[in-house]
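The values are calculated or read from the model by the stated rules, or taken from the named source; none is laboratory data. Given the structure is predicted, the values throughout are model-derived calculations rather than measurements. Please note: Cβ atoms are built from the backbone with ideal geometry, for glycine as well, and neighbour counts cover all protein chains shown.
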Amino acid sequence: MENKTSAERVRHALQKSGLDGQVVELPESTRTAVDAARAVHCEVKQIAKSLIFKTRESGQAILVITSGANRVNEEVVGSIVGEKISVASPDFVRKQTGFAIGGVSPVGLIHKIPIFIDQDLLQVDEIWAAAGTPRSVFKVLPAQLLEITEGKVISVR
């Protein structure tokens, strides 16, 4: 039941942003970038991984949307944020975003948090992002992702 609510929140956020992008429910898991790429028949670099980090001093959530082909260098991103960061716990992720790990969407977050977008995502023709559940995704163009998230483009490596 909660998964339906999460996917509906993403659908609503996309519609509110003027995107006709449909949320696609898949029979296969899209929990990992490799799984998602296989499920939607695209390259791993076209998958937008939405990762929640927690700043160590202030305890603030930040969202880093990175290419499925990249690992986030926490030191690099921490220097951009202005304090050290670490991967957030599943409980923190759910409380800050309303989504469970594996289904964190770049839109439809329950709280407004700073968003950073991997510059490598801007090099692909289309992006597939999680849509609130480990089996749901939506397709978006790089320029649309920037617009709907109001994210800051950075290097994550």
Just checking, does the range 81-92 include any residue being of a type in the set (D, E, K, R) and within 22 Å of Ile154 (Cβ to Cβ)?
yes
Of all residues making up the range 33-81, the number that are free of Cβ contacts under 8 Å to residues at least 24 places away in the same chain and either among the β-branched types (Val, Ile, Thr) or farther than 17 Å from Asp118 by Cβ (or both):
4
Take the residues of the range 18-61 that are farther than 15 Å from Val137 by Cβ and over 16 Å from the mean Cα position of the chain (by Cα): which is modelled with the lowest pLDDT?
Asp20
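Results for (1) touching a Gly at 6+ places or on another chain (Cβ under 7 Å); (2) under 21 Å from Thr32 (Cβ atoms); (3) at pLDDT 95 or above; (4) outside any helix (DSSP H, G or I), shown as yes or no for each residue.
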| residue | (1), (2), (3), (4) |
| --- | --- |
| Ile65 | yes, yes, yes, yes |
| Ala69 | no, yes, yes, yes |
| Arg94 | no, yes, yes, no |
| Leu122 | no, no, yes, no |
| Arg157 | no, yes, no, yes |
Residue among Ala61, Ala69 that alone is farther than 20 Å from Trp128 by Cα, surrounded by 17 or more Cβ atoms within 10 Å (Cβ to Cβ) and touching a helix residue (DSSP H, G or I) at 6+ places or on another chain (Cβ under 6 Å):
Ala61
Per the list (1) in contact with a helix residue (DSSP H, G or I) (Cβ under 7 Å, 6 or more places away or on another chain); (2) closer than 24 Å to Glu147 by Cα; (3) at pLDDT 95 or above, residue check on Ile101 breaks on (3)
